[in-house]
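Student: Structure below; questions to follow.
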Amino acid sequence: MHGVVMYAPGDVRVEERPDPQILKPTDAIIRLPVTCVCGSDLWPYRGANEVNGPTPIGHEYCGVVEEVGSEVTSVRPGQFVIGSFIASDNTCPHCLAGYQTQCRHRVPMQGAQAELLRVPLADGTLVATPDLPSPELLPSLLTLSDVMGTGWFAAVAAGVQPGMTVAVVGDGAVGLCGVLSARQLGAERVIAMSRHEPRQRLAREFGATDVVAERGQEAVARVRDLTDGVGADAVLECVGTDEAMHQAIRSTRAGGGVGFVGVPHGVTLTGRDLFGTMVRVHGGPAPVRRFLPDLIDRVYRGTIDPGRVFDLELPLAEVAEGYRAMDERRAIKVLLQP
């Protein structure tokens, strides 16, 4: 099969790789009709995360089951399935509490920018769709594996409730899905923080009522202005930088919540940063497996269309251009056709 391998920062290649095999009786093999580049893939691409030699990359996936191990009972060959970027047994105490990314037997997924993928812990990880979806649904279903599920968790972690004012820090795919999630959860007002006109436009189409182009303390001041000096009831932090985290906390009213899902890079918070604000902070790697049944249903009913975050489609062979386009912010998210 063909798959993407990252050799070093800025160096991604499509190579012939061995087809995945069933290694454990709990495994499944799925064929991927589409795959994509994630914003978090840019951390190693930019050199912010170490690349230890040639590494298969990609963690977002959906597709048709080709083969299952002898102990797999919840999915079968021929079904279309979606899974999380962390494989989980969905039976340990953390999973049962709804935090499958902290599963005691968790397995980080890699190598999904390819034609085929081995999914461990298939019974706990994969959720089947009602039928074989039409091609038009594939982009939205693919987002559920990470960015839509992550944006949804940001809203849940922040405590979004009907009638609230919500601010979203970050205008990448996760932030835009956070805007969509906040509206789905009943937020009356959603403030999208974005400096890029195409992303501002999509944010408004997803339900943003206001757009703030400023950053840092100026952005905090704008949110305060928009909320009569109070701050937002809930803020979604979808970037992972120190500035974004502090911007999120300072934009939140006393007693409000911050849901942070951006992978932290250089974030420094002290007890004093939190103590004086009286803001609740919760987040981490999104347990998207918890939300998959609900989100699949919303996509099928046409309630949400998160696949619109894909604004560039390329064949897998042109993955290097996809990474460049996202790195240079010429694309929000790149869909790849294996």
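Student: Wholly within region 115-188, which helices (runs of 4 or more DSSP H) include no fewer than the required count, namely at least 2 residues that are small (Gly, Ala, Ser) and in contact with a Cys (Cβ under 8 Å, 6 or more places away or on another chain)?
Tutor: 147-158, 173-184
Student: Give me the residue from region 71-107 that is of a type in the set (Lys, Arg) and in contact with an Asp or Glu (Cβ under 9 Å, 6 or more places away or on another chain) and, out of that set, surrounded by the most Cβ atoms within 10 Å (Cβ to Cβ).
Tutor: 106
Student: Six or more apart or on different chains, Cβ under 7 Å: which pairs go from a residue in region 309-332 that's under 21 Å from residue 177 (Cβ atoms) to one that's assigned to a loop (DSSP other than H, G, I, E, B)? Could you list them?
Tutor: So the pair list comes out as 309/332; 311/331; 311/332; 312/331; 325/331; 327/46; 329/196; 332/172.
Student: I've got another one for you. Could you pull out the residue among 192, 208 that is part of a loop (DSSP other than H, G, I, E, B) and within 20 Å of residue 157 (Cβ to Cβ)?
Tutor: 208
Student: Check 147, 37, 51 and return the single one that is of a type in the set (A, V, I, L, M, F, W, C) and more than 18 Å from residue 261 (Cα to Cα).
Tutor: That would be 51, the only listed residue that is of a type in the set (A, V, I, L, M, F, W, C) and more than 18 Å from residue 261 (Cα to Cα).
Student: Out of 241, 268, 227, which single residue is of a type in the set (Ser, Thr, Tyr) and under 11 Å from residue 167 (Cα atoms)?
Tutor: 227
Student: For region 21-88, give me every one of the strands (runs of 3 or more DSSP E) that falls completely inside it and has 1 or more residues that are charged (D, E, K, R) and at pLDDT 95 or above.
Tutor: 28-31, 62-68
Student: Got a sec? Which of 303, 277 is modelled with pLDDT under 95 and among the hydroxyl-bearing types (Ser, Thr, Tyr)?
Tutor: Values: 303 fails: modelled with pLDDT under 95.
Exactly one of 303, 277 is modelled with pLDDT under 95 and among the hydroxyl-bearing types (Ser, Thr, Tyr), namely 277.
Student: Here is a further query. In the list 57, 30, which residue meets the criterion of being closer than 12 Å to residue 109 by Cβ and touching a Leu at 6+ places or on another chain (Cβ under 6 Å)?
Tutor: One residue alone meets the criteria, 30.
Student: Let me ask another. Considering only region 217-226, I want to know if a residue exists there that is farther than 24 Å from residue 146 by Cβ, in contact with a helix residue (DSSP H, G or I) (Cβ under 6 Å, 6 or more places away or on another chain) and surrounded by 17 or more Cβ atoms within 10 Å (Cβ to Cβ).
Tutor: Keep residues of region 217-226 that are farther than 24 Å from residue 146 by Cβ, which gives 217-226.
Still in the running and in contact with a helix residue (DSSP H, G or I) (Cβ under 6 Å, 6 or more places away or on another chain): 219-220.
From what is left, the residues that are surrounded by 17 or more Cβ atoms within 10 Å (Cβ to Cβ) are 219-220.
Yes, region 217-226 has at least one match.
Student: Okay, next question. Quick check: is even one residue across region 200-208 under 21 Å from residue 255 (Cα atoms), over 18 Å from the mean Cα position of the chain (by Cα) and either surrounded by fewer than 24 Cβ atoms within 10 Å (Cβ to Cβ) or in contact (Cβ under 8 Å) with a residue 12 or more places away in the chain (or both)? Walk me through how you get there before you give the answer.
Tutor: Keep residues of region 200-208 that are under 21 Å from residue 255 (Cα atoms), which gives none.
No: region 200-208 contains no residue that is under 21 Å from residue 255 (Cα atoms), over 18 Å from the mean Cα position of the chain (by Cα) and either surrounded by fewer than 24 Cβ atoms within 10 Å (Cβ to Cβ) or in contact (Cβ under 8 Å) with a residue 12 or more places away in the chain (or both).
Student: Please work out which one of (1) surrounded by fewer than 20 Cβ atoms within 10 Å (Cβ to Cβ); (2) part of a loop (DSSP other than H, G, I, E, B) is the condition residue 112 fails and give its number.
Tutor: Of everything listed in (1) surrounded by fewer than 20 Cβ atoms within 10 Å (Cβ to Cβ); (2) part of a loop (DSSP other than H, G, I, E, B), residue 112 misses just condition (1).
Student: Looking at 316, 295, 236, which one is surrounded by 17 or more Cβ atoms within 10 Å (Cβ to Cβ), more than 20 Å from residue 61 (Cα to Cα) and either in contact with a strand residue (DSSP E or B) (Cβ under 6 Å, 6 or more places away or on another chain) or modelled with pLDDT of 95 or more (or both)?
Tutor: 236
Student: Could you list, in sequence order, the residues of region 115-137 that are closer than 21 Å to residue 39 by Cα and surrounded by 19 or more Cβ atoms within 10 Å (Cβ to Cβ)?
Tutor: Within region 115-137, just 117 meets the criteria.
Student: Test of understanding: among 68, 107, 72, which residue is farther than 18 Å from residue 296 by Cα, free of Cβ contacts under 8 Å to residues at least 24 places away in the same chain and among the β-branched types (Val, Ile, Thr)?
Tutor: On inspection, the qualifying residue turns out to be 107.
Student: Pairs, please: C-beta under 6 Å, at least 6 apart or cross-chain, first residue in the same structural domain as residue 256 (by TED's automatic domain parsing) and in region 169-187, second of a type in the set (Ser, Thr, Tyr)?
Tutor: 171/194; 174/150
Student: For residue 195, state whether it is charged (D, E, K, R), touching an Asp or Glu at 6+ places or on another chain (Cβ under 9 Å) and surrounded by fewer than 16 Cβ atoms within 10 Å (Cβ to Cβ).
Tutor: Yes: the conditions hold for residue 195.
The values are calculated or read from the model by the stated rules, or taken from the named source; none is laboratory data. All of these numbers come straight from a predicted model, not from anything done at the bench. Glycine also receives a Cβ, built like all others from the backbone with ideal geometry; neighbour counts cover every protein chain displayed.
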